[in-house]
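Here's the structure, in structure tokens; my notes come after.
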Amino acid sequence: MKFIETKLKGCFILEPKIIKDERGYFMESFNEKTFQEGVGQHVNFVQDNQSFSSKGVLRGLHYQTGEHAQAKLVRVLQGEVLDVAVDIRPDSPTYGQYESVLLSGENQRQFFVPRGFAHGFLVLSETATFFYKCDNFYNKESEGGVIFNDPTINVNWNFSEEELIISEKDKVLPKLENAKKVW
């Protein structure tokens, strides 16, 4: 497994070693020891989540606050998404900056989003099955979010807003300056 640290300290793109032959392929998608060595921290994943979405669905930008903050290891099992992490750590030199990565069932890349980041994704293929591990349990009272089109973050989603399918809840998320503090 290859670990590529992004410009946002603590966020990593993971590229697995894929062994292909006439039968198909094999890869190790997660190994606790390799993962912890690769990201340089101890992360204990406690919950797995999966979603299925259609082209143009944008989910995010979401996070959990305080003691319920979550780190996520995300990947796409089928389809293709643009995955985005936004640094919302108040004292970070990259506060308000984002990193995006193309994840697909074909490239098998994964993206590690540590605690202190908002996260979201946009489905680029006709459909996509999205899978992620969390290091903390979901807590409704600790939900936080930032509107997908916050001009101070300026995420380039590469889609026109008219083409996006966004939940009513996500359409009314605040700008970063008015969002709940992550801690």
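A short reminder: the numbers here are calculations on the coordinates, not readings from a lab. This structure is a prediction, so every number in the text was calculated from the model and none was measured. Glycine gets a Cβ as well: all are built from the backbone with ideal geometry, and neighbour counts include every protein chain shown.
Scanning the stretch 164-183 for residues that are assigned to a helix (DSSP H, G or I), polar (S, T, N, Q) and either touching a Lys or Arg at 6+ places or on another chain (Cβ under 9 Å) or under 15 Å from residue 142 (Cβ atoms) (or both) returns no hits.
Of everything in the stretch 20-45 that is more than 18 Å from residue 103 (Cβ to Cβ) and of a type in the set (Gly, Ala, Ser), the residue that is surrounded by the fewest Cβ atoms within 10 Å (Cβ to Cβ) is 24.
For residue 140, the test of being surrounded by fewer than 12 Cβ atoms within 10 Å (Cβ to Cβ) and more than 20 Å from residue 9 (Cβ to Cβ) is passed. Within the stretch 4-34, the residues that satisfy the criterion of being touching a residue at least 40 places away in the same chain (Cβ under 8 Å) and among the hydrophobic types (A, V, I, L, M, F, W, C) are 8, 11, 12, 13, 14, 18, 27, 30. Residue count for the stretch 75-99, restricted to those that are farther than 20 Å from residue 145 by Cα and surrounded by fewer than 16 Cβ atoms within 10 Å (Cβ to Cβ): 3. Exactly one residue out of 64, 50, 41 is of a type in the set (S, T, N, Q) and more than 15 Å from the chain's Cα centre (by Cα), and it is 41. Taken together, the criteria exclude residue 155 from residues that are among the aliphatic types (A, V, I, L, M), touching a Leu at 6+ places or on another chain (Cβ under 9 Å) and not in a loop (DSSP other than H, G, I, E, B).
Counted as qualifying within the stretch 1-104 are the strands (runs of 3 or more DSSP E) with 3 or more residues that are touching a helix residue (DSSP H, G or I) at 6+ places or on another chain (Cβ under 9 Å), namely 2-5, 58-64.
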